[in-house]
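One structure follows; several queries about it will come next.
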Amino acid sequence: MLQTDNGLRLSYTPTTTQGWQGDVAALAFDPERIKACLQNVEAPCYIVRGPDGQLGATNGGSPATNGHAGAFTLVASVPALYAEQLGSPLFRAFHKVRYAYATGAMANGIASEAIVIALGQQNMLASFGAAGLVPTRVEQAIQRIQAALPDGPYAFNLIHSPSEEALERGAVELYLRHGVYTVEASAFMALTPHIVRYRVAGLHLNEQNQLEIRNRVIGKISRREVASQFMNPAPPRLLAQLLESGLITEQQAHLAQYVPMADDITVEADSGGHTDNRPLVSLLSSIIDLRNEIQEQQQYGLEVRVGAAGGIGTPSAALGAFMMGADYVVTGSVNQACIEAGTSEHTRKLLAQAGIADVMMAPAADMFEMGVKVQLLKRGTLFPMRAQKLYELYQQYDSLEAIPADERARLEQQVFQKSLDDIWQETVDYFMKRDPDQIARAADKPKRKMALVFRWYLGLSSRWSNTGTPGREMDYQIWCGPSMGAFNDWVRGSYLEHPEHRSVVDIAYHIMRGTVFLYRIQQLRLQGLALPAPYAHYRPGRV
């Protein structure tokens, strides 16, 4: 093994040698200049051995034209590479974006208008967190984002709402009425008439008699059976139902058999919020194989693209996803610690201190009765433990009245900070404006009433976190995956360590640029160059 004083090492001597020609003064032999050469990814990088055997690096010069080694031998080289080249060029062209990169929708407006607009102005795709918001609030977001980004790119979340179907239906009606042409469909366990209506209502034939898809769907999934539904055409049963209701035309129902339900499938692994905690290395390859099988069967004009989410918070994670075949990557948890996120300063500080293990699962507000859980930050809050206690009580008792008096008193004093009767009245007032059917369904069902009262706490806890409600800090519900901890480890010692300096645009830039840098390092290693850790680490610098 050839080793030099600056730490560069060759694990083997190339069997064929080629010379290098160029400005010798531009060759870097000291560590700092070598690092600069390696990180200048937009230019080629040459590793050259000088007459004294010392290895150096440069971004200039070229292989010798005569092909023979002279005083300076070329031992390894990598071409220029741009972050814009990563992932699928079809994804970038389809959504008219700079990177094969997107930010996912974090509910209750955490993925705020500011996030969507900041990234959209840099030609990057972001999805507004519409889940959990009332229609008037979503409509305000649509108007603000469309005013700032009349030509896009942007997306809006469409979350499956089994407990409040009116919200899902109302969101679709809003998107169709206001011309929202890209939605990120999340938390679906099966296709519903509402997501099918959105997709199919955008199908038409252009002047050349070619099928065009106006309404684009990005399906976020973590299960193979759900992915299959989004990758196949809309089910005839749901098409017939929509046609009978007059919500789609006969032509649209006919055209639906030629297109998949989604243009893109985001494979969601171990993420914040709704998650099955699946490992990305297993799940992504399985869904890509499924896509290939369905494409062979259906022969779509454009195959469904498959992206990766969950655990994507560092360049190394993004590189792993791209190398496994992801067409694009999606970040989530790391964005809610940014200045543009719809979260409070207190929450952003907690997130910036999180480690990889500072997360746990707890009952979800929107699917509480079904036992569905979400992944949350456990550091600095008691919410996950309190939410789990509520679910245990829900399983154990059939009504609020059946809860023992001492247990009820602890709930009212320590958790709710209100009487259960007062909470029920607030719940009634809330749903009478939002979805009266919820109250009607609980009229003669005591267990249903108990679930709605418990969901009062589960639902408000995320809003307390977003608004920074004083006195409720220990009840903050903060959706978070382990990628947050990995991100904090990566940026420690850089300007991004502090939440007040974190911008969604900067984070996107550094994750993608860092991914290109790490890809360069791997290319050099394949050529026998052993790089010490300081050379192989990408640290974010101010943009």
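The values are calculated or read from the model by the stated rules, or taken from the named source; none is laboratory data. Because the structure is predicted, anything quoted here is derived from the model rather than measured. FYI the Cβ positions are ideal-geometry reconstructions off the backbone, even for glycines, and counts take in every protein chain you see. For accessibility, only protein heavy atoms count, side chains too; no ligands or nucleic acids. Shrake-Rupley method; radii C 1.70, N 1.55, O 1.52, S 1.80 Å.
Tell me which residues, restricted to the stretch 513-543, are touching a residue at least 40 places away in the same chain (Cβ under 8 Å) and either among the hydrophobic types (A, V, I, L, M, F, W, C) or in contact with a strand residue (DSSP E or B) (Cβ under 7 Å, 6 or more places away or on another chain) (or both).
V516, F517, L518, R520, I521, Q523, L524, Q527, G528, L529, A530, L531 - these are the residues of the stretch 513-543 that are touching a residue at least 40 places away in the same chain (Cβ under 8 Å) and either among the hydrophobic types (A, V, I, L, M, F, W, C) or in contact with a strand residue (DSSP E or B) (Cβ under 7 Å, 6 or more places away or on another chain) (or both).
Right, another one. Which count do you get for residues in the stretch 89-123 that are open to solvent by 10 Å² or more (accessible area, probe 1.4 Å), more than 25 Å from T467 (Cβ to Cβ) and in a helix (DSSP H, G or I)?
So the answer is 6.
Could you list, in sequence order, the residues of the stretch 204-228 that are open to solvent by 70 Å² or more (accessible area, probe 1.4 Å), over 30 Å from G311 (Cβ atoms) and part of a loop (DSSP other than H, G, I, E, B)?
Taking the stretch 204-228 first, the residues open to solvent by 70 Å² or more (accessible area, probe 1.4 Å) are 207-210, 212, 214, 223-225.
Subsequent filtering for residues that are over 30 Å from G311 (Cβ atoms) retains 207-210, 212, 214.
Hits for the stretch 204-228 are E207, Q208, N209, Q210, R214.
Looking at (1) open to solvent by 60 Å² or more (accessible area, probe 1.4 Å); (2) modelled with pLDDT of 95 or more, find the lone condition where R410 falls short.
(2)
If S161 passes every condition in (1) open to solvent by 10 Å² or more (accessible area, probe 1.4 Å); (2) part of a helix (DSSP H, G or I) but one, which one does it miss?
Going through the list (1) open to solvent by 10 Å² or more (accessible area, probe 1.4 Å); (2) part of a helix (DSSP H, G or I), S161 breaks only (2).
Can you tell me which of S271, S282, S286 is assigned to a loop (DSSP other than H, G, I, E, B) and either hydroxyl-bearing (S, T, Y) or crowded, with 22+ Cβ neighbours inside 10 Å (or both)?
Details: S282 fails: assigned to a loop (DSSP other than H, G, I, E, B); S286 fails: assigned to a loop (DSSP other than H, G, I, E, B).
Result: S271 is the single residue among S271, S282, S286 that is assigned to a loop (DSSP other than H, G, I, E, B) and either hydroxyl-bearing (S, T, Y) or crowded, with 22+ Cβ neighbours inside 10 Å (or both).
Pull out all pairs, ordered by first then second residue, where Cβ-Cβ is under 7 Å, the residues are six or more apart or on different chains, the first lies in the stretch 478-496 and is touching a residue at least 60 places away in the same chain (Cβ under 8 Å) and surrounded by fewer than 22 Cβ atoms within 10 Å (Cβ to Cβ), and the second is in a loop (DSSP other than H, G, I, E, B) and among the polar types (S, T, N, Q).
That search, which allows pairs on different chains as well, returns A486/T314.
Another one. Inside the stretch 240-294, can you point out the residues that are under 29 Å from P384 (Cβ atoms) and without any contact (Cβ under 8 Å) to a residue 40 or more places away in the chain?
Correct list: P279, S282.
Would you pick out the residues in the stretch 42-53 that are in a loop (DSSP other than H, G, I, E, B) and either modelled with pLDDT under 90 or open to solvent by less than 40 Å² (accessible area, probe 1.4 Å) (or both)? I'd like the intermediate steps shown before the answer.
Within the stretch 42-53, the first condition is being in a loop (DSSP other than H, G, I, E, B), and the residues that meet it are 42-44, 50-53.
Hits for the stretch 42-53 are A43, G50, P51, D52, G53.
Take the residues in the stretch 7-41 that are at pLDDT 90 or above and aromatic (F, W, Y), then tell me which one is most open to solvent (accessible area, probe 1.4 Å).
F29
Kindly provide the set of residues from the stretch 372-392 that are in contact with a Ser or Thr (Cβ under 6 Å, 6 or more places away or on another chain) and either hydroxyl-bearing (S, T, Y) or not in a helix (DSSP H, G or I) (or both), ordered by number.
Quick first cut of the stretch 372-392, residues in contact with a Ser or Thr (Cβ under 6 Å, 6 or more places away or on another chain) only: 375, 383.
Result: Q375, single match.
Scan the stretch 79-88 and give yes if some residue there is more than 30 Å from R137 (Cβ to Cβ), open to solvent by 40 Å² or more (accessible area, probe 1.4 Å) and within 20 Å of the chain's Cα centre (by Cα), otherwise no. Steps first, answer last, please.
Pass one, the stretch 79-88, residues more than 30 Å from R137 (Cβ to Cβ): 79-88.
Next, only the ones that are open to solvent by 40 Å² or more (accessible area, probe 1.4 Å) stay: 79, 82, 84-85.
From what's left, within 20 Å of the chain's Cα centre (by Cα): 84-85.
Yes, some residue in the stretch 79-88 is more than 30 Å from R137 (Cβ to Cβ), open to solvent by 40 Å² or more (accessible area, probe 1.4 Å) and within 20 Å of the chain's Cα centre (by Cα).
If a residue counts only when it is touching a Ser or Thr at 6+ places or on another chain (Cβ under 7 Å), which helices (runs of 4 or more DSSP H) contained entirely in the stretch 419-494 have at least 3 such residues? Steps first, please.
Numbers: elements: 420-434, 437-442, 446-467, 483-491.
It comes to 446-467, 483-491.
Looking only at the stretch 362-379, filter to residues that are basic (K, R) and within 21 Å of the chain's Cα centre (by Cα); which one of those is farthest from G132 (Cα to Cα)? Step through it out loud before you land on a result.
Initial filter on the stretch 362-379 (basic (K, R)): 373, 378-379.
Of the ones still in play, those that are also within 21 Å of the chain's Cα centre (by Cα) are 373, 378.
Working: K373: 16, K378: 22 Å.
Result: K378.
Restricting to the stretch 441-471, name every residue that is farther than 19 Å from Y430 by Cα and either open to solvent by less than 20 Å² (accessible area, probe 1.4 Å) or among the aromatic types (F, W, Y) (or both).
S465
While we're here: Yes or no: G60 surrounded by fewer than 18 Cβ atoms within 10 Å (Cβ to Cβ), in contact with a Gly (Cβ under 7 Å, 6 or more places away or on another chain) and not aliphatic (A, V, I, L, M)? Let's see the steps before the verdict.
Values: surrounded by fewer than 18 Cβ atoms within 10 Å (Cβ to Cβ): yes; in contact with a Gly (Cβ under 7 Å, 6 or more places away or on another chain): yes; not aliphatic (A, V, I, L, M): yes.
Here the answer is yes, as G60 does meet what is asked.
Which ones in the stretch 293-325 are at pLDDT 95 or above, open to solvent by 70 Å² or more (accessible area, probe 1.4 Å), in contact with a helix residue (DSSP H, G or I) (Cβ under 9 Å, 6 or more places away or on another chain) and not in a helix (DSSP H, G or I)?
Across the stretch 293-325, the qualifying residue is only E303.
Can you give me the number of residues within the stretch 177-190 that are buried (at least 16 other Cβ atoms within 10 Å of the Cβ) and either in a helix (DSSP H, G or I) or over 21 Å from the mean Cα position of the chain (by Cα) (or both)?
0
Sticking with this one: Can you find even one residue in the stretch 393-415 that is in a helix (DSSP H, G or I), within 32 Å of the chain's Cα centre (by Cα) and without any contact (Cβ under 8 Å) to a residue 40 or more places away in the chain?
no
Provide a single number: the residues in the stretch 335-352 that are open to solvent by 10 Å² or more (accessible area, probe 1.4 Å) and part of a helix (DSSP H, G or I).
Total meeting the criteria: 6.
Could I ask something else about it? Residue under question is D435, and the condition is that it be over 30 Å from P315 (Cα atoms), modelled with pLDDT under 90 and under 33 Å from the mean Cα position of the chain (by Cα); does it hold? First the steps, then the outcome.
Values: over 30 Å from P315 (Cα atoms): yes; modelled with pLDDT under 90: yes; under 33 Å from the mean Cα position of the chain (by Cα): yes.
For D435, the condition - over 30 Å from P315 (Cα atoms), modelled with pLDDT under 90 and under 33 Å from the mean Cα position of the chain (by Cα) - is met.
Among the candidates T73, T136, which residue alone is without any contact (Cβ under 8 Å) to a residue 12 or more places away in the chain and either open to solvent by 10 Å² or more (accessible area, probe 1.4 Å) or in contact with a Cys (Cβ under 9 Å, 6 or more places away or on another chain) (or both)? Show your work before the answer.
Values: T73 fails: without any contact (Cβ under 8 Å) to a residue 12 or more places away in the chain.
Just a single option satisfies the conditions, and that option is T136.
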